[in-house]
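A short write-up of the structure that comes next.
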Amino acid sequence: MRAHEVVLGWVEHEIAEGRILIGQRLPAERTIADQLRVSRTSVREAIRVLEAMGMVRSGVGSGPEAGTLLIADPSAPFTAAMRLHFATSHLPVDDIVQTRTLLESWAVEHADSSSPFLKSAALLLDAMDEPGLETECFLQLDAEFHVALSQAAGNVLISTMMGALRDSIEHYTLDMIGNLPDWSAMAMRLRAEHRQIYDVVLSGDPVEASALVAAHIEGYYREAGFPSYQKSAAELARPRP
């Protein structure tokens, strides 16, 4: 085991044992190095790994922001990994579409109509209605709207996964624009479908909300000229009797 992995293992153990809690700072670099009998360089390497994993945030100096703070931002590593895999074209668009459909259809089915995230979703709907909105900006707001809907379910893992998928969703929807026969007509349709989904979620009809989201996502995919899945995302998301 390499020295920085010893440090990572120690941090994991301290968290598991409840000796380091979210919002608390790790011991000083020198203290960790002396305790584990590793170099301070190895401690710094481990901290860089933890930062990339969204586990800690480092501050320099001697003020209240100094030191290495234990945080909880699981979306950071997911988002970075998704962006890289999408850039390599190794992540099939079909898989992204099916995954987001499964996540979103479950999320709207379990959404809390009093969730503050739905207020954020409403603001995003209004922003998408702005006249003369650039296509790229519209699709960015579109992706954020879908993330906000998912967050309304209160499931931290689904919120994290949807947050990580956000960039991929924005990129593949933008890439498909050239395949659409009429973007203006599609934008009008998306606005109407977004409003319908939002209203149904607020009204408390979970089954209808789930079906609408699945049809909405898959409909854009089909309109862009991509072949249907062997088993459609809507079928995968449909509740079993």
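The values are calculated or read from the model by the stated rules, or taken from the named source; none is laboratory data. Note that the coordinates shown come from a computational prediction; the quantities given were computed from them, not determined experimentally. FYI the Cβ positions are ideal-geometry reconstructions off the backbone, even for glycines, and counts take in every protein chain you see.
State whether the residues of segment 127-140 include one that is in contact with a Ser or Thr (Cβ under 9 Å, 6 or more places away or on another chain) and in a helix (DSSP H, G or I).
Yes, segment 127-140 has at least one match.
Can you name the residue in segment 119-177 that is small (G, A, S) and under 18 Å from A192 (Cα atoms) and is also surrounded by the most Cβ atoms within 10 Å (Cβ to Cβ) among such residues?
Residue satisfying both the conditions and the ranking: A121.
Suppose the filter is within 18 Å of E218 (Cβ to Cβ) and in a helix (DSSP H, G or I); does E193 pass it?
Yes.
Let's see how each residue does on (1) in a loop (DSSP other than H, G, I, E, B); (2) among the basic types (K, R); (3) exposed (fewer than 15 other Cβ atoms within 10 Å of the Cβ):
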{"position": "V6", "(1), (2), (3)": "no, no, no"}
{"position": "E12", "(1), (2), (3)": "no, no, yes"}
{"position": "R19", "(1), (2), (3)": "yes, yes, yes"}
{"position": "L50", "(1), (2), (3)": "no, no, no"}
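Select from segment 204-241 the residues that are at pLDDT below 95 and of a type in the set (S, T, N, Q) and write down the one among them that is surrounded by the most Cβ atoms within 10 Å (Cβ to Cβ).
S232
Please work out which residue is farthest from L21 (Cα to Cα), limiting yourself to segment 63-100 and to residues that are modelled with pLDDT of 80 or more and not hydrophobic (A, V, I, L, M, F, W, C).
Across segment 63-100, the extreme among qualifying residues is D94.
Pick from segment 22-48 the residues that are farther than 22 Å from D73 by Cβ and of a type in the set (K, R): which of them is surrounded by the fewest Cβ atoms within 10 Å (Cβ to Cβ)?
Restricting to residues being farther than 22 Å from D73 by Cβ and of a type in the set (K, R), the top hit is R37.
Any residue at all in segment 160-179 that is at pLDDT below 85, assigned by TED's automatic domain parsing to the domain that holds T79 and assigned to a loop (DSSP other than H, G, I, E, B)?
yes
Inspect segment 83-96 for any residue being part of a helix (DSSP H, G or I), touching a helix residue (DSSP H, G or I) at 6+ places or on another chain (Cβ under 8 Å) and farther than 30 Å from A46 by Cβ and give the result as yes or no.
Of the residues in segment 83-96, the ones part of a helix (DSSP H, G or I) are 83-87, 93-96.
From what's left, touching a helix residue (DSSP H, G or I) at 6+ places or on another chain (Cβ under 8 Å): 83, 86, 93, 96.
Then keep just the ones that are farther than 30 Å from A46 by Cβ; that gives 93, 96.
Checked against the condition, which is being part of a helix (DSSP H, G or I), touching a helix residue (DSSP H, G or I) at 6+ places or on another chain (Cβ under 8 Å) and farther than 30 Å from A46 by Cβ, segment 83-96 yields at least one hit.
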